[in-house]
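Below is one structure, written out as structure tokens; the observations come after it.
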Amino acid sequence: MADWRKFENTFCSWPAKPKGLIELIGGSYISAAPQVTYRNLLNGLRKSQIAIHAWSYFPGFDHQLQAVQAWRELRSVKSKLEKRIGYKLQNIRVGHSLGCKLHLLSPDGGRNSDRFIAISFNNYPASRSIPILKNVSSRFKMQSEFSPSPKKTLDLIKEFYIQEKNILISFRNDKIDETNCLYNCLRSRESTEDQSKIISLSGDHLTPASVGISKEIFGVKNISVERNNNINKLLKIVLQEL
């Protein structure tokens, strides 16, 4: 199995003759090293000879800026890979939590991907995502809301996002999931023949992350067998789209 390599902020796994390409943007605070935090899911894709580009980042307040940065870097590394292998690859974008939002805000509106898989979409305001923020921001006159705001994000998706093939995955024990909100937004677009669908699985918000994540850090139970089974179900859904 090929080793991970890094171009700018993107961790890449390139099989000799990849059957397809996954472009992953993960969730807040667990995407500094996505090849580690999404290890089990990504290793399953690697075993199936799928090329993987996983963007690494720390969350900021300007999500539009980060969306543009991610899109540019993923486009650049995709060009490198296709030049190396000599053929075009089917390209599926995968987002988890905040990563869904960053993909949905990409400058191309999703047109340069074959489809999008949104896992545990989350679009909460900064005050709910970072509870301590309200007191800190007022004291130090810091920026206190994400840009674009949750409402503006949905407005932008409705107006500019053109990808028709979207698979929205939610987990039954996910307390911060907003998949239904995204689904309604996508279905309300007048400019596309929307084919979005929702798939519900057992699990919680961190199910896509690797089994080894510590409950001391994230405050969730780490039930290895159950989480591993849920990751396998998720993996099967992704592979069916390639």
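The values are calculated or read from the model by the stated rules, or taken from the named source; none is laboratory data. Only a predicted model underlies this, so the values are computations on that prediction, with no experimental measurement involved. Cβ placement follows ideal geometry from the backbone for every residue including glycine, while neighbour counts extend to all protein chains displayed. Areas reflect the complete protein model, heavy atoms only, side chains present, ligands, DNA and RNA absent. Shrake-Rupley method; radii C 1.70, N 1.55, O 1.52, S 1.80 Å.
Inspect region 54-65 for any residue being of a type in the set (S, T, Y), in contact with a strand residue (DSSP E or B) (Cβ under 7 Å, 6 or more places away or on another chain) and at pLDDT 95 or above and give the result as yes or no. Looking through region 54-65, at least one residue is of a type in the set (S, T, Y), in contact with a strand residue (DSSP E or B) (Cβ under 7 Å, 6 or more places away or on another chain) and at pLDDT 95 or above.
Among the numbered conditions (1) under 13 Å from the mean Cα position of the chain (by Cα); (2) under 19 Å from I117 (Cα atoms), the only one that Y29 does not meet is (2). In the set (1) at pLDDT 95 or above; (2) open to solvent by 30 Å² or more (accessible area, probe 1.4 Å); (3) in contact with a Phe, Trp or Tyr (Cβ under 6 Å, 6 or more places away or on another chain), D204 fails one condition alone, (1). Counting only residues that are among the aromatic types (F, W, Y), assigned to a strand (DSSP E or B) and open to solvent by less than 10 Å² (accessible area, probe 1.4 Å), region 5-64 holds 1 of them.
Specify which of the listed residues (S214, S191) is modelled with pLDDT under 95, farther than 19 Å from L104 by Cβ, open to solvent by 20 Å² or more (accessible area, probe 1.4 Å) and hydroxyl-bearing (S, T, Y). Walk me through it before giving the result.
Values: S191 fails: farther than 19 Å from L104 by Cβ.
Going through S214, S191 in turn, just one is modelled with pLDDT under 95, farther than 19 Å from L104 by Cβ, open to solvent by 20 Å² or more (accessible area, probe 1.4 Å) and hydroxyl-bearing (S, T, Y): S214.
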